[in-house]
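Each reported figure results from applying straightforward, stated rules to the coordinates on display, with no laboratory input. Note that the structure is a prediction, hence the values are computed from the model and not measured. Note that each Cβ is placed from the backbone with ideal geometry, even for glycine, and that neighbours are counted across all protein chains shown.
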């Protein structure tokens, strides 16, 4: 406040245009502690176990509240208003749905196809309801966030995936029906459709190719739906840049495989010439492959995470807000390595510390520039009641996915 | 920050957000009986009252801001946790606001360690008794059509990737079927449905036999060749596999593995699914050793009941030993005769060596010596 008034007076003296001197940078700080979250986590885990998972939504609400109360945007913490009883309903709904879905596959291919179609129809709506619930129950400075993505819009990013995987499932069912139960029939059908493996391989390849577009479309749908008060999020993210990022990650992956292969070959060659011990070669092999995996998770994963976070948040803005994300690869990779090693050593007990550290690194890499005064923002009632039915689904079932 | 109000109740300065505007209003809070009083500092006349139990009080953590959610959608925020806690204690004669069992437990390291010990104990008990009991219960009430389907599908899968049709003549196959049927018939009690399959498994798998869910027993040609002069040993192996079928071991193991995977995924899942899957594979093998012992006991009983000596199984282990030695020797000879092609050799060595290491670490069967002693008794 005081700094802002100071800026205002300077701006007044030098005669800068009104909007530029009001610009102010809002830092994000995360003040959570690993040891405290460890205690919360263990107690949550215990209560969840002794209640046969019934406590889970309450544990989740406590976890979110802790993380929110420690996420300070410009000194003001986020707050979580979700009702654990509603989240309980959502939890049960999701459990039942996924149970039915996975059971259907065991009965008959046709049942699996029906379940798949139903899932494809329901899932985007649930996804949207989940975002409405989470954002509608998150506040900053007392003002609730909201999600205004349309129901139709939720289906768009998923459409190519549903179509492609749907055609795979249908193909399987049709061939299964044609082949019947007699082996000679199956033989005949296989000969008749000898191009089938190529067709299926082609569909899978197409799914891989379309993935970056799906990712970009998902991010656009999400970020364009975020709002708080009169601020409506807008994401400028071309699919091309996501494709380029995926290609770079793929290249890094191939490079890792190549280097691991060379290391394995050379060390194994050396031990074979000098030692001739099978065990030594085996150990070298296992260690090298392990290192390859490690590089994969510690370099390529963080590379993708960091670049995508920066790309997405740097492209996000609203009337008065602009985001800036400067998540760098080296610290993220180093932290990921440290977390993995300590998790392995402590058989998972380090997990709460890992989560807190990663959250801090990723959140504090982001800052906002506000061109205006959040103190003057007012929650718009009309926007909140625009889509009552959708809100209701999310609110009634308390569907909450993700952290 | 703390001060006495006119009525003598301890009070606290905090920020109030009304839920509509982003403006923070400085307020003074105090408790008046069962009500929370929120007194606006700037507008002296505005004073709101809320029942204490309708307010969602913050849990007492060391870090993070204190946020109390008011029933009208408003929010009270105190940035200094120490001030807030001191005020909450003073207003409630030390009981505090927003406490509870969970808060008391996670506020103390001693309680946390107790909780950790209980979690580990419950986890261990679940692993030792819970998962097996649940899986066996599921396996017992699972419709047999589903088990049959899973067994049929697994056999189809194996036929596609690992197994080839048997080279044993149809007449010989029929003879084995009849011999085994006669052996099984010699034992009193309920008959178990099983199907005997003969397959060529190639050199990589070698002499082997295994049981799948749904009563499928698969014998490899290599096993019949290895024991061609000792049919009783073959019957002993088949009896061992029948033991697996009788105990529904395949299905029980599958369900146990998926239960363990699911539980671990639940606890660790949101960080890494890979990390959750690894112990599931590791632990799966220790369950399976118990099943092998059970099947060995069944085989021993069936051998005795059909008037055979359990010692025929010793032949099996000796022959398997010899077969393994022979393979290693052959590999060595090949290496000596072919100095060229280093890269290929290295690749093979790595594979074989890795296979050996894995078989030591992940052995699904008890050791041969232990099993020999069992059949010698």
Point to revise | Protection proxy ranking of A:222-234, A:188-200 - average other beta-carbon atoms within 10 Å, highest first | key: A:222-234, A:188-200
Revision key, fill the gap. Output ordering of A:125-131, A:261-267, B:137-143, A:315-321 (per-residue mean of other Cβ within 10 Å, highest first) is A:125-131, A:315-321, A:261-267, B:137-143
Practice item. Could you calculate the FRET efficiency of residue B:329 with residue A:291 from 1/(1 + (r/R0)^6), where r is the beta carbon distance between them and R0 is 25 Å, rounded to 0.05? Key: 0.15
Study note, to complete from the structure: Between residue A:165 and residue A:100, the two model label points (7 Å from Cα along the beta-carbon direction) sit apart by a distance in nm of 1.8
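What is the average number of partner chain Cβ atoms found within 10 Å of a Cβ in A:75-87? Mind dumping the intermediate values first?
Numbers: counts 2, 7, 7, 2, 9, 2, 6, 0, 1, 0, 0, 0, 0.
Rounded to a whole number, the mean comes out at 3.
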**Study point:** Inter-chain Cβ neighbour average for residues B:33-43, partner chain, 10 Å
**Key:** 0
Practice item. Could you calculate the FRET efficiency of residue A:364 with residue B:114 from 1/(1 + (r/R0)^6), where r is the beta carbon distance between them and R0 is 25 Å, rounded to 0.05? Key: 0.15
Point to revise | Cα→Cβ-extended label distance, 7 Å offset, between residue B:9 and residue A:156, nm | key: 5.3
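Using the Cα gyration tensor of the stretch A:86-223, with a ≥ b ≥ c the square roots of its eigenvalues, what is the shape: rounded (a/c below 1.5), prolate (a/b larger than b/c) or oblate (neither)? Walk me through the intermediate numbers first.
Working: a/c = 4.53, a/b = 2.00, b/c = 2.27.
Verdict is oblate for the stretch A:86-223.
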Check your understanding: Is there a simple number for the mean count of other chain Cβ atoms within 10 Å of the Cβ of residues in B:173-179, and what is it?
Key -> 0
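Can you tell me how the stretch A:187-341 classifies by the Cα gyration tensor, rounded, prolate or oblate, using a/c under 1.5 as the rounded cut? Numbers along the way, then the final one.
Details: a/c = 3.76, a/b = 1.43, b/c = 2.63.
Since a/c reaches 1.5 but b/c is at least a/b, the shape of the stretch A:187-341 is classed as oblate.
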Check your understanding: Among rounded, prolate and oblate, which fits the stretch A:51-161 when a ≥ b ≥ c are the square roots of the eigenvalues of its C-alpha gyration tensor, a/c under 1.5 means rounded, and a/b larger than b/c means prolate?
Key -> oblate
**Study point:** Two-site label geometry, residue A:123 and residue B:229: point separation in nm, points 7 Å out along Cα→Cβ
**Key:** 6.1
Practice item. Would you mind putting A:348-357, B:46-55 in packing order, based on average other-beta-carbon counts within 10 Å, highest first? Key: A:348-357, B:46-55
